[in-house]
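To start, the structure itself, in C-alpha cells.
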2 protein chains.
Amino acid sequence: MIKHALTAHRAKDFSAWYQEIITAADLAEDSGVRGCMIMRPWGYGIWERIQYLLDQKIKETGHENCYFPLFIPLSYFAKEAEHVDGFAKEMAVVTHHRLKANDDGLGVDPDAKLEEPLIVRPTSETVIGTAFSRWLQSWRDLPLMYNQWANVVRWEMRTRMFLRTSEFLWQEGHTAHADRESAMEETLNILELYRSLAEDCLALPVITGEKSEDERFPGADATYSIEAMMQDGKALQAGTSHYLGQNFSKAQNIRYQDKEGEFQYAHTTSWGASTRLIGGVIMTHGDDDGLRVPPLIAPQQIIIIPMLRDKPEDEPILEYCDNIAQQLRTKSPFGEKLRVIVDKKGAKASNKRWSWVRKGAPLILEIGGRDVEAENVSLINRTSLYNENGKVAFQTLSQQEFIDSASTLLESIQSALYMQAKQRLDDNIHHDVEEYSGVESFFAKDKVNPGWLEVQWSKPTGEALDKVVERLKKLKLTTRNIPQHARPATGKCIFTGEQAVERILIGRSY
Amino acid sequence: MIKHALTAHRAKDFSAWYQEIITAADLAEDSGVRGCMIMRPWGYGIWERIQYLLDQKIKETGHENCYFPLFIPLSYFAKEAEHVDGFAKEMAVVTHHRLKANDDGLGVDPDAKLEEPLIVRPTSETVIGTAFSRWLQSWRDLPLMYNQWANVVRWEMRTRMFLRTSEFLWQEGHTAHADRESAMEETLNILELYRSLAEDCLALPVITGEKSEDERFPGADATYSIEAMMQDGKALQAGTSHYLGQNFSKAQNIRYQDKEGEFQYAHTTSWGASTRLIGGVIMTHGDDDGLRVPPLIAPQQIIIIPMLRDKPEDEPILEYCDNIAQQLRTKSPFGEKLRVIVDKKGAKASNKRWSWVRKGAPLILEIGGRDVEAENVSLINRTSLYNENGKVAFQTLSQQEFIDSASTLLESIQSALYMQAKQRLDDNIHHDVEEYSGVESFFAKDKVNPGWLEVQWSKPTGEALDKVVERLKKLKLTTRNIPQHARPATGKCIFTGEQAVERILIGRSY
C-alpha cells in the first residue's frame, strides 16, 4: 500500500483533505483576522498566473483596465434597492476615521465619526455606474468596456479558504452598450472567455449556461455561469457573467443620446472571476499527495533539486543543474518562456522532493553525482507519481533528451489533467432521471462523487419556482445552470409534470 | 507664439497646470468618494507598466509575493506604540458588518457592531510581523523576504491626485534578517533598486540618501529615500526603504534560534513605492501640451492615426496602418515587444492627434492617402513637438526607414527625457550657501524653480534637531536627505555653527 504524503484522504474526508492540502501545498493560511486568509507565495503565484492569462484575454477583447475606489458611500447602495436586498447587506462599514489614545491604550475616536458611512466594496456596480453616468453622453461613446483588478469584502459568516472568505481578490468587468442585443453579445462573449480560461488554462472542464431566475445576481436580468465539478461531486460556480438590462442604468442615470438625438438608457453588463478559481484547481486536480498544478498556471514548471552533501563534490552538481536550467529557459511551452528553478535550499533532497510533490510542481528533477557523470536526469512527473509497485516513479533520461522534450512533456501534462477531469465530469452527469422521486433516491445514495443530474423542466417562475427551490433545498440541492449545449427538451418537467422546455443541472454545490 | 494644448502654463501656475494635465491626459478623475480617485485607463496603464518593471526587480532580488489581509485588528496597532504615534492615527475604522433597512431607506445595523474594530491597513508591518513571528523558528529560515501589491488607506485631510490620496496603490516589501548587517544590506539594496526603477525606467533622476531623524518612518532606526525634483523645484519623496532594527521584532516577538540554540530577535526592514510615482512622472516630464510618457512605461509607445473620411478610400489607408503596426510589433525596444496601436476611433484625425499629444504617447504617426501612395509616414516626436516656427514638427520618413529606426527612436526619447530632467536636477542643487541667513535669502527669491540647497550640518539630535526643524518650517522647508554620494563635510554646520559632519539637502516638498 502506498503511504501518501497527506494524512487525510479525499475519498474518506474531502473537507479535511481540502484543509490539509492548503497547508501542505503552502497555498494559504489563516491570518488571525476574521474570515481573511494570507495567500502564501505558491498560492499567490498561481493567482498571478491566472491574472496574467485572464488579463490578456480581457485586453484582447477590447476592455481597458482602470481602478475605482475601495469605499462606496452608503447612499450609492440605497439607489439600487434590489441589488442591495440580494446582497443580504452583509458588508464592512467604515464609520470613523481616527484612533485615539484612551484608558485601554488605543480606541476609536468618537469625535471622528464620518457624516456618511462608507462601505468597503462588495462589488462595484454602484460606484462604476455613477462614473458611467458622467462618462456617457452620446451613442458615439458606446460601448464602454472596463475592467478592474481589486479586493472586495463580503461579510461571510462561514468562511472557507479560497472558496468563501470575507476579503477576496478578483477582477470585475463593467460595460455599457446601446441595446439589449450588443449587451447580450458581450455577456456571452465573456462567458466564452471564462470557459476558455477555465478549460484551456486551468484544465478545469466546465459547463456553460444560464442560471435559473432564483440564482441570478441581484439586479440582473440574466446571469450566466461556468460550473466545474469537484472530486466530491459538488459544483463550483467558477465565474459569472451578468446581463443587467436597464436596471442599473435607470437607477444610476446611465444614458446617451442616440443618432436621432433621443435619450436612451444604456444596457449594462458585469462579470467577475476570483481567487475562488484556486479552490477549484485544488479540488479538481489535487490528490492524496498534494496539489497538481496545471503547467500553464504553475509559478514554476520544473524544479531541479541538486542532491547536496555540503562537500566539495557539490560544486559540479550545482553547475550541472544551473546549466540545465539555463537551457530549459530557452524553451517556450505554451508560447511562453519556460519557468524553472534550482532549489538550492539547505535541506535534505528527499524533504525538498516531497515538498514540491505536495505543492504540485509539474516536473521534478533530482540530480546526484551519478547523474552528472552519466549526463542524465532523474525525473518525477507529478501526474504519474507512482509506478506499479507503489514506489515513486523515477524516470532516467539523458540530459539532452529531457531538455528537448521538456516543452512537450509540460504540454502533455496540461492536457492529461484536463482529460482526467473532463472524463470525471462526463461520467458524473446523469441524464436518466425522469421523475422527482428519482432525484431523491439518486442523491440518497452515499457515494464519494454523487455527481449531478441533468433533468428536464418547464422553467417555472414566481411561486412555482419557489416551490422547486424549496424541494431541492431539503435535499441540499440547487439548480446549477441550463447548459448551453444540452439537447432540447422532449418530455415532462420533473418538478411540475408540465411540458418541459429545457434541461437544467441540479447538484450540491460550494 | 505657440498656442499650447493646455490652458494652464506650468511656469505661471504649477498647481493649476498639474490639475489640468491629469484631466487632459486622461490619467485620473475625482471619484466623488472623499479623497479617493478613479484611475483612468491611460493612468492605470502607466501604473501597470511600473508594476511590471518593479515586480521583476523585486523577484530577481529573491523576494516572493504574497497577499495579507486588508483589515488589521485594532489591538495589533496597540502593540507598536511608536509606530502608531507616528501614523497620526488617521485611519479608516470598520466598526459594523451589516446594513439594515430603516426609515431613511438604508442605514448601519446597530446590532452588527464588531467586538473589535478593524483598521483598513495604512501599511502592513503589524499584520505581516505577526505572521513572521509564526513563520520564523530557526536561523535556517532566514532571511524572510516578502512583498505584496496592495491598496492602503490613510485618512488624509488635504488630498491631491496621485500625490496624496486617502486610498492609494503600492507595493510594500517586508523582510527579516539574522543581524543588523544583513538587514542594512537589504535596506540599501532596495534603495538602489528604487533608484534604478526611477532613473532607468521612469527617467526620473533622483538623489539617494538617508533621511534625517525627524523624517524617519515611525518605528524605524533608519529611513532611506529617493528624492526627485519637480519642475517647480519641489522635492518628491518617491520611494522609501526602512531599517527597522529590532523595534518591530521585539514588539511582535519575531525571533529565531541561532546556531548555538539561543533565541535572538530578528532585524527587519520594510520598503514601499506607490502610485505617487505617477505624480512624479507628470511633474517631471509634463509640459504645456500635456504629459510626455517615457517610452519604457508608456502603455502604448507608438500611435498610428489613419486620416479617415468615411469613404471607400479609407480601406487601403487602414490596411497600410495595420501593416505598419504588425511590422512594428516584431521590434523589441528595451528588450520587450514594441507596443503600438492603430487608433481607428471615429473622430477627426487632428482631434485624435491632440488627444495623444496631451496623453504623451512618445511617437504619433498620421497616415493619409498621400503617405500610402509614397509609402511614407508622417511622424510627430512628442519630445520635440514644435519646429522653429512654432508649428507642429511633422517629419516625413519612408515607411521602411521608420520601422527600422523605431526601436532606436524610442530608446533615444527615453534617454532624452532622462537627460533633460537630470540637467534640471543638477542645475538646481546649490552648494554655495554657508550661513543660515543665506538659506533665508535664497528661498525668499520668487523663482519658477527655487531648487534645493545642499548644506553642511552637524547632524543635531533631540532638541537641537527640533530647533532646526522649526526654523526650516518657518520657510516651508524640510530636510530631504543626506545624499549618499555627497562630498565629505569640511566646514561649519549652518544651523548650529558646530563642526559639520555631513551634507544634507533642504528644499520645499510635496
Inset, instruction - Nearest 100 Å² is fine: how much accessible area is buried between A and B, summed over both sides, with a 1.4 Å probe? - result: 5200
Inset, instruction - For residue A:499, place a label point 7 Å out from Cα along the Cα→Cβ vector, do the same in each other copy, and report the separations in nm, one decimal, smallest first. - result: 10.4
Inset, instruction - Could you pull the accessible area for residue B:113 with a 1.4 Å probe, rounded to 10 Å²? - result: 140
Inset, instruction - Determine the shielding of peptide A:23-29 by partner chains: average, over its residues, the number of Cβ atoms on other chains within 10 angstrom of each Cβ. - result: 1
Legend entry - Rounded to whole Hz, the Karplus (6.51, -1.76, 1.60) HN-Hα couplings of segment A:150-164, x for glycine and proline: 7, 9, 10, 10, 10, 6, 7, 7, 10, 10, 8, 3, 6, 7, 7
Inset, instruction - Compute the FRET efficiency between residue A:387 and residue B:134 as 1/(1 + (r/R0)^6), taking r as their Cβ-Cβ distance and R0 = 41 Å, and round to the nearest 0.05. - result: 0.60
Inset, instruction - Please tell me which of these pairs span more than 18 angstrom C-alpha to C-alpha: A:3/A:345; B:234/B:422; B:337/B:359; A:3/A:422; B:234/B:474? - result: A:3/A:345; B:337/B:359; A:3/A:422
Legend entry - Gained length - residue A:349 relative to residue A:436, 0.36 nm times residue gap less alpha-carbon distance: 25.7 nm
Inset, instruction - Any chance you could check segment A:48-77 for residues losing 50 Å² or more of accessible area when the partner protein chains are in, compared with the chain on its own (1.4 Å probe)? - result: A:48, A:65, A:67, A:69, A:70, A:71, A:74
Legend entry - Rounded tilt (10° steps) of B:314-328 against the dominant C-alpha axis of chain B: 40
Inset, instruction - Keeping the other protein chains in place, figure out the carbon and sulfur percent of the accessible area of chain A, with a 1.4 Å probe. - result: 46
Legend entry - Accessible-area value, residue B:276, 1.4 Å probe, nucleic acids and ligands omitted, Å²: 40
Inset, instruction - Give a residue-ordered list of calculated ³J(HN,Hα) values for segment B:16-21 (Karplus: 6.51 cos²θ - 1.76 cosθ + 1.60, θ = phi - 60°; whole Hz; x for Gly, Pro). - result: 5, 4, 4, 4, 5, 5
Inset, instruction - Pop the C-beta distance of residue A:490 and residue A:55 into the FRET formula with R0 = 41 Å and round what comes out to the nearest 0.05. - result: 0.45
Inset, instruction - Find the accessible area per residue for the protein assembly as shown; the probe is 1.4 Å, ligands and nucleic acids are left out, and the unit is Å². - result: 41
Legend entry - Semi-axis lengths, Å, segment B:429-507, gyration tensor of Cα atoms, sqrt of 5 times eigenvalues: 19, 15, 11
Inset, instruction - Show the residues, 5+ positions off or on another chain, whose built amide H is closer than 5 Å to the amide H of residue B:495. - result: B:458
Inset, instruction - Could you check how many percent of all C-alpha pairs in the protein assembly as shown are farther apart than 51 Å? - result: 26
Inset, instruction - With a ≥ b ≥ c taken as the square roots of the eigenvalues of the C-alpha gyration tensor of segment B:1-107, please select rounded if a/c is under 1.5 and otherwise prolate if a/b is larger than b/c or oblate if it is not? - result: oblate
Inset, instruction - Report the calculated FRET efficiency for residue B:395 and residue B:323 (r = Cβ-Cβ distance, R0 = 25 Å), to the nearest 0.05. - result: 0.80
Inset, instruction - Compute the signed sum of charges (Lys and Arg +1, Asp and Glu -1) over the other residues within less than 14 Å, Cβ to Cβ, of residue B:294. - result: +1
Legend entry - Sum of -39500 (n - 2.57) over DSSP H runs of 4+, divided by residues of chain B (222 nm, nearest 500): -10500 deg cm²/dmol
Legend entry - segment B:288-355 shape via C-alpha gyration tensor axes, a/c threshold 1.5: oblate
Inset, instruction - Using only alpha carbon positions, build the gyration tensor of chain A, then give the equivalent ellipsoid semi-axes as the square roots of 5 times its eigenvalues, largest first, whole angstrom. - result: 43, 30, 24
Inset, instruction - Quick one: grab the alpha carbon gyration tensor of segment A:220-316, order the square roots of its eigenvalues as a ≥ b ≥ c, and give me rounded if a/c is under 1.5, else prolate or oblate depending on whether a/b is larger than b/c. - result: prolate
Legend entry - Net charge of neighbours whose Cβ lies under 12 Å from the Cβ of residue B:396, counting Lys and Arg as +1 and Asp and Glu as -1: -3
Legend entry - Label zone at residue A:463, where the point sits 7 Å out along the Cα-to-Cβ direction: segment A:470-510 residues whose backbone N lies under 19 Å: A:470-472, A:495-498
Inset, instruction - Roll a 1.4 Å probe over the protein heavy atoms and report the accessible area of residue B:119 in Å², nearest 10. - result: 0
Legend entry - J(HN,Hα) series, segment A:438-449, from Karplus relation 6.51 cos²θ - 1.76 cosθ + 1.60, nearest Hz, glycine and proline x: x, 5, 4, 6, 4, 7, 6, 5, 8, 10, 4, 10
Inset, instruction - Summarise the long-distance tail of P(r) for segment A:68-223 by giving the % of C-alpha pairs beyond 26 Å. - result: 41
Legend entry - For residue A:221, distant residues with modelled amide H under 5 Å away: A:243, A:244, A:245
Inset, instruction - With a cut-off of at most 15 other beta carbons within 10 Å, and DSSP calling the residue loop, which trypsin sites (Lys or Arg not before Pro) in segment B:414-483 qualify? Please list them. - result: B:445, B:447, B:476
Legend entry - Solvent exposure, largest accessible area first (probe 1.4 Å, DNA, RNA and ligands not counted), of B:371, B:427: B:427, B:371
Legend entry - Exam field: residue B:400 pseudo-label spacings to other copies (7 Å along Cα-Cβ), nanometres: 4.1
Legend entry - Diffusion coefficient, µm² s⁻¹, Stokes-Einstein with Kirkwood Rh over alpha-carbon pairs of segment A:263-395 at 4 °C and 1.567 mPa s: 77
Inset, instruction - Hey, can you grab everything whose amide H is under 5 Å from the amide H of residue A:31? Only 5+ residues off in sequence or another chain; H modelled, so Pro and N-termini drop out. - result: A:36, A:38
Legend entry - Label point distance in nm, residue A:182-residue B:476, each placed 7 Å from Cα along Cα→Cβ: 4.9
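The values are calculated or read from the model by the stated rules, or taken from the named source; none is laboratory data. The structure displayed is predicted, hence computed values, not measured ones. As a convention, Cβ positions derive from the backbone with ideal geometry for all residues, glycine included, and neighbour counts pool all protein chains shown. These accessible areas exclude ligands, DNA and RNA; they are computed on the full protein's heavy atoms, side chains included. Shrake-Rupley method; radii C 1.70, N 1.55, O 1.52, S 1.80 Å.
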